[in-house]
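A short write-up of the structure that comes next.
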Amino acid sequence: MAKNTHGGGANTNKHGLKFEQDTQLKSCLETYGYTVNDDNSVTNENDYIVGYNLPKGKIYEHFGHLRKNGWQKYISKKLLPDDAFYNTRNNTIYIIEKKWQSTNGSVDEKLQTCDFKKEEYEKMFLHNNIKVKYIYILNDFFENPKYDDVRSYILQHGCSFFYYTLPLNEIGL
């Protein structure tokens, strides 16, 4: 993957969007033998529904209590996760945010919001007794020791992170 050597702005957005596309959950699920159907349901090799792939605004379409601005009963600003997976077997929604960076900038500060965003999603899904897990997919820029405190903060607040890939067992598969 090409590295942005010019700092922030359009180039960061361009590379970040490519990173998001390269790490799409749907592609990963299909690579490992799952089928993502037109209704966003994810089925295993036995055609048993194991969950729902719900990127961006699909979580609002899937859950009836969130449709037609119903989310406003729970939170004040609509959140659009890069990816999300609702595992029907363990009644957990996995919110997946992808962060790519190659120079110092605002993305590294966004990592420090995991606990706030996790709490916002928990408010939305408390109604259904759905558990929320908040996960980051990062590029290797964040392996730098200067992010030791941020990585510790993420883990201390019940969130997690991985580099480039997400092991499917982390979403209950």
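The values are calculated or read from the model by the stated rules, or taken from the named source; none is laboratory data. In this text, all values refer to a predicted model and were calculated from it rather than measured experimentally. We place every Cβ from the backbone using ideal geometry, glycine too, and count neighbours over all the protein chains shown. Remember, those area values only see protein heavy atoms, side chains included, never the ligands or the DNA or RNA. Shrake-Rupley method; radii C 1.70, N 1.55, O 1.52, S 1.80 Å.
See the values below:
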| quantity | calculated |
| --- | --- |
| Residues satisfying the stated conditions in region 116-165, i.e. more than 19 Å from residue 91 (Cα to Cα) and hydrophobic (A, V, I, L, M, F, W, C) | 116, 137, 138, 141, 142, 150, 154, 155, 161, 162 |
| Residue in region 134-173 that is nearest to residue 33 (Cα to Cα), counting only those that are of a type in the set (Asp, Glu) and without any contact (Cβ under 8 Å) to a residue 24 or more places away in the chain | 143 |
| Qualifying residue in region 96-111 (condition: surrounded by 20 or more Cβ atoms within 10 Å (Cβ to Cβ), over 26 Å from residue 32 (Cβ atoms) and of a type in the set (S, T, N, Q)) | yes |
| Selection within region 36-46 - open to solvent by 100 Å² or more (accessible area, probe 1.4 Å) and either touching a residue at least 12 places away in the same chain (Cβ under 8 Å) or of a type in the set (Ser, Thr, Tyr) (or both) | 45 |
| Cross-chain or 6+ apart pairs with Cβ under 9 Å, region 73-84 first and aromatic (Phe, Trp, Tyr), then open to solvent by less than 20 Å² (accessible area, probe 1.4 Å) | 74/66; 74/120; 74/124; 74/125 |
